[in-house]
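One structure is given here, and the rest of the page talks about it.
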Ligand code: HEM
């Protein structure tokens with residue numbers, strides 16, 4: 001089993017833990033219609049946040065407009081209704097892309113918090129039936145949190161890989177050391 005297979009098992013386990021199922025998938029597809037007009041706005045807003053601080057601005061300098069398109073496409077993918085292995089693979093790869101550019105993971109976490117909060121506010125503003133709004137927001141927060149966990153797993157796996165290479169220690173031994181101290 002390779003490292004992404006292990007991470008995939010964690011992803012499936014998280015879906016089970018949160019009882020993420022077909023109803024959530026349907027809710028997310030429904031949300032695609034509801035949120036479509038404001039996804040570019042949420043994305044632009046988080047780009048303003050990223051541009052406001054030097055530590056984050058440096059990662060996006062000179063390619064903001066192109067990256068906004070990339071991040072908008074990601075949001076639509078999250079509302080695509082399919083949450084199996086292909087979805088996992090795409091999210092894991094996104095994590096590795098951020099690892100490759102040495103983006104500290106806390107910035108991804110911070111931006112996910114921004115996206116979660118902005119999206120839930122938009123749902124509450126657009127969906128009159130509060131029970132329905134709450135169900136839609138629940139499905140969205142579940143998938144965003146699962147998504148964030150997958151991105152974090154990419155960072156985790158990458159760090160273990162580097163430690164294995166640098167120390168020459170077997171991966172299973174390193175994992176045991178981390179677990180048992
Ligand atoms: C919820 C958080 C985030 C998500 C879901 C996300 C999603 C993505 C996706 C889908 C890609 C394209 C990946 C690929 O081509 O394989 C990407 C690339 C990129 N993201 Fe993000 N991103 C997030 C946060 C951030 C933050 C906080 C920054 C900067 C501070 C950032 C900067 C970049 C850059 C610079 C690239 C292009 C990397 C390259 O190929 O050179 N992202 N992101």
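The values are calculated or read from the model by the stated rules, or taken from the named source; none is laboratory data. Owing to the predicted nature of the structure, the values given are computational and were not obtained by experimental measurement. Using ideal geometry, Cβ is built from the backbone for each residue, glycine included, and neighbour counts are taken over all protein chains shown.
Key figures for this structure:
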item	result
Count of the stretch 15-38 residues which are surrounded by 16 or more Cβ atoms within 10 Å (Cβ to Cβ) and either closer than 12 Å to residue 150 by Cα or free of Cβ contacts under 8 Å to residues at least 24 places away in the same chain (or both)	1
Residue in the stretch 99-107 that is without any contact (Cβ under 8 Å) to a residue 60 or more places away in the chain, part of a loop (DSSP other than H, G, I, E, B), closer than 17 Å to residue 148 by Cβ and within 8 Å of the ligand (Cβ to nearest atom) present	yes
Evaluation of residue 50 against (1) within 28 Å of residue 162 (Cβ to Cβ); (2) over 15 Å from the mean Cα position of the chain (by Cα); (3) surrounded by 18 or more Cβ atoms within 10 Å (Cβ to Cβ); (4) more than 9 Å from the ligand (Cβ to nearest atom) (one fails), failing number	(4)
Residue under evaluation residue 95, criteria (1) crowded, with 16+ Cβ neighbours inside 10 Å; (2) assigned to a helix (DSSP H, G or I); (3) over 11 Å from the mean Cα position of the chain (by Cα), criterion not met	(3)
Which numbered condition residue 114 misses (of (1) within 24 Å of residue 8 (Cβ to Cβ); (2) touching a helix residue (DSSP H, G or I) at 6+ places or on another chain (Cβ under 8 Å); (3) within 9 Å of the ligand (Cβ to nearest atom))	(1)
So residue 103, is it farther than 18 Å from residue 74 by Cβ and more than 12 Å from the chain's Cα centre (by Cα)	no
Looking only at the stretch 70-92, and only at residues there that are more than 10 Å from the ligand (Cβ to nearest atom) and within 18 Å of residue 40 (Cα to Cα), the one that is surrounded by the most Cβ atoms within 10 Å (Cβ to Cβ)	79
Test: residue in the stretch 112-119 that is without any contact (Cβ under 8 Å) to a residue 12 or more places away in the chain, under 11 Å from the mean Cα position of the chain (by Cα) and either surrounded by 18 or more Cβ atoms within 10 Å (Cβ to Cβ) or farther than 20 Å from residue 23 by Cα (or both)	yes
Residue, modelled with the lowest pLDDT, within the stretch 154-180, restricted to residues that are away from the ligand (no atom under 14 Å from the Cβ) and under 16 Å from the mean Cα position of the chain (by Cα)	157
